[in-house]
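Heads up: the structure comes next, in C-alpha cells.
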There are 2 protein chains.
Amino acid sequence: MGVGLTRKSGAGGRSTVRDVAARAGVSASTVSRVLGGEYPVSAATRTRVLRAVRELDYVADARARAVAGAGTPTLAFVLEDITGPSFAHMAYGVEREAARLGHLSLVCSTDGDVRRELEFIEMMRAQRAAAVILVGGAADTPEYRERTRRVADSLAAAGSRLVLCGRPPLGPGAPVTVIEYDNEGGAYALVAHVLAQGHRRVLFLGGKPDHTTAMGRQRGYLAAHRARGVEPDPALLLHGDFTRDSGHRLMRQALARGLEFSAVIAATDMVAAGALTALHEAGLAVPGDVSLAGYDDIPFARDLRPALTTVHVPYEELGRLAVRTALGHGGESADEHLLLGTHVVVRDSVAAYGGH
Amino acid sequence: MGVGLTRKSGAGGRSTVRDVAARAGVSASTVSRVLGGEYPVSAATRTRVLRAVRELDYVADARARAVAGAGTPTLAFVLEDITGPSFAHMAYGVEREAARLGHLSLVCSTDGDVRRELEFIEMMRAQRAAAVILVGGAADTPEYRERTRRVADSLAAAGSRLVLCGRPPLGPGAPVTVIEYDNEGGAYALVAHVLAQGHRRVLFLGGKPDHTTAMGRQRGYLAAHRARGVEPDPALLLHGDFTRDSGHRLMRQALARGLEFSAVIAATDMVAAGALTALHEAGLAVPGDVSLAGYDDIPFARDLRPALTTVHVPYEELGRLAVRTALGHGGESADEHLLLGTHVVVRDSVAAYGGH
C-alpha cells in the first residue's frame, strides 16, 4: 500500500512514507490517506502530516508506487485535435475500457506537434504505462517510420506497448499493435452510392494532401469513380483540414470559383456541417440543388437538416478494442494487424441527380 | 540533460544513465537520445543500447528528470466527459497556452468517477505537475468541499496548484484558484430575450438536479421569469444530462406527455441539437411552431437549421486563462476568484410568440 516518498532535492537519500509518519506522529497508512486525499482524516491530523511533508521537503513518487504494484496502472492516448468529435468518442471508448480493466487513461492532445508527442510518450514510458495508443492519420514518411519504430522499441524495452490506431503501420517485426479502420473502403461505398444516384461531378472536400486518413478517403473517392468508368475532374479535389471551419471555407471558395458539381463528399462530418452552412448561405437547397455526404457518423450528424448521409466508423469500439488488444485481454496475438470495416448510413442529404 | 534511470525492482540501488552507457559502450547522451526516441541514431547503436537497458532491467524515471529540471513541466486537466464539445474547446485552450508557456498538458476524463479523479490527481502530484485544473460543475456537498480542500492542501504541499474552473468554489483560505463563468447571468439574459418575444410557457431541458452548472442555468431561467412577473410552471422543468441524446429523449417525452409550451431552453447546445431533431420528427417547425435556444455557443451551433440562438461561453479563453493564472503569468494574485461574463448570440431559432 505504501506511497513511496523521495526527497525533492533528487539524487541520493531515498526514504519512505515512514519518515513522514514518524515525524507527524501518525501511522504510515494515515500519511498515505492524507496524501492521497481519499479518506476522511481529522483536520488536526491532516495539518500535522502536511507540515511534516513540508518540513522534510518530500514528494510522493508515483513511479515508486507503480513499481511496488500499489499505484493505478495507466494507459496513454495521444491524439492531434481534442476538439474533433470522432477522436473524442474514441478517447471515451479508451477511457471506459481502461476503467473496466482497472487502468487510468491519460490523454495528450499534441496539435500535431511531434516534439510534444515524443515528450508525452517519454513521460508515459517513465510512468510505466501499460500501453501508448497513437490515433489518427499522419504523413507516412521514412522519417515517420523511423521515429515511430524507435518509440516502439523504447516502449517495448520498458515493458510497454505501442498501439497505432488509424496511424500508418510500420514495417514487419516492429513491436506494435496496429488497428486500422477502412477509410478507402468506406469512401468507396459512399461515393458509389452517390454515383448510383446519377451524379457525375462530385466535389471532394478533402484533408491535408499527405495525411494518411485523408488520402485513404480520397483513394476511395477515385476508385469508386473509376469502377463506374467515370474520370473525376481533378479540379473537384479540394484540400483543407477536418474542421467545420475548413468545410465552410472550402465550400465558399468552390462556389465563388464557379466550380460545377451536383454533389459534395466531405472528408468528415464536421467538414460537411460547415459546407452545409455555406451552401445554405448561398441559397442552395440540400439535397434539392446539391447532394451532400459526410464521413464518421458522429452523433449530431443526424441533427443536421437534412440529416446527413455518412460513413459510420465505430470510434468508441475502436477505442475499446485498442485497449483490450494492448492489454492482451482480447486473445489477439501480440503483433496482430486489425482492420475494422465501416458502412454507409443513408439519411436524407443525398438525392437523385436531376431531381431539381 | 540526463535521463534518470532506476532499477525496475524498486527499493535501493538507484543508478544513472551512465551504467547503461558503459554497458552499451556509448556515451550517456546517446543513451538519452535512444530512450527519448528523438534524434537519429544508427540501428546498430540503438540495438546495443536497448539490449543494455533490458539486461540491466532499468527504466527511465520521469520524476527524476523533473527534479533535475530536465523534463518537460506539466499541467493536468480533469474533465467529466471528453465527448462534450464545450470542455474539449477548453482543453484545447489549456493545451495551446500550456504549449506557449513550455508546459505539456495531460488530460484525464473521469466519466464522473471521483475515485479516478483522485487517482489521477495523486499521479499528477507525484509527477510534480505545476497545476491541476478541474473543470465542470459538480454537486456542491460538504463531502465535495472537504475532499477538494484536502486535494488543494496536498497539491500545495507538493508545490502544485489546484484550479477550479466552473467547479464549486471552496471556503475562504483554501489554496486554490477559482475561475467561474456566469451560468446564471447567461441564462437570465437568454430567457429574458425569449420572454421579450412574448413567450410565457417556456420548457427548460435542464441537467442533473444537483449539478452546479445546471443549477446556475436553471436559476437564471427562474429569475428571468420572476423579473417579468411570470410564475414558471414547475411541470416545464425537466432534468437529464448535457448530451444530444438526453435532449432528444426529454423532448420526445415532453411531446408525448402533451406538455404545452411555445419555446424551449436547452441547458446546452448539444441538448438543443437532440431536441431540434425530436421536434422535427414530430412535424413541428422551429421557430415557426416552437422557438428553441441553447447554451455554450459551440462551433456547429451555427450549422443547425435554424442556426441556434444561444449563450456564448468563451471556453477556449477560459482554458488559456486557467493556465496563465495557475502559472502566475497573468499578474493575478494567488487566490483571486475570477468570474467571466457570457453573452447571448441571437441567430434564427427564436421567433415572436404567436407568429404561427
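The numbers here are math on the coordinates, done by the rules we state, and not lab data. Predicted, not measured: the structure shown is a model, and the values here were computed from it. Virtual Cβ from ideal backbone geometry, glycine too; neighbours counted across all protein chains shown.
Between residue A:235 and residue A:317, the simple spin-label model (points 7 angstrom out along Cα→Cβ) gives 4.2 nm. Here the contact order of the range A:183-313, divided by its residue count and restricted to Cα pairs under 8 Å and six or more residues apart, works out to 25 percent. Rounded to the nearest 20, the Cβ-based charge dipole of the range B:229-271 about its Cα centre (Lys and Arg +1, Asp and Glu -1) stands at 200 debye. Among residues other than residue A:132 with Cβ under 12 Å from its Cβ, the summed charge is +2 (Lys and Arg +1, Asp and Glu -1). For residue B:113 and residue B:340, the difference between the fully extended length at 0.36 nm per residue and the C-alpha to C-alpha distance is 79.0 nm. Kindly identify the range B:183-313 as rounded, prolate or oblate by the Cα gyration tensor criterion: order the square roots of the eigenvalues as a ≥ b ≥ c, call it rounded if a/c is under 1.5, otherwise compare a/b with b/c, prolate if a/b is larger, else oblate. Here the range B:183-313 falls in the rounded category. Does the range A:241-325 come out rounded, prolate or oblate by the C-alpha gyration tensor, with a ≥ b ≥ c the root eigenvalues, rounded set by a/c under 1.5 and, if not, prolate when a/b is larger than b/c and oblate if not? Prolate, because a/c is 1.5 or more and a/b exceeds b/c.
Rounded to 0.05, the FRET efficiency of the residue A:100 and residue B:245 pair, given R0 = 22 Å and the Cβ-Cβ distance, is 0.55.
Residue B:210 label point (Cα plus 7 Å toward Cβ) to equivalent points in the other copies: 5.3 nm, shortest first.
Once backbone amide H atoms are built at 1.01 Å from N, residue A:163 has A:132, A:133, A:134, A:177 as its partners under 5 Å, excluding neighbours fewer than 5 places away on the same chain.
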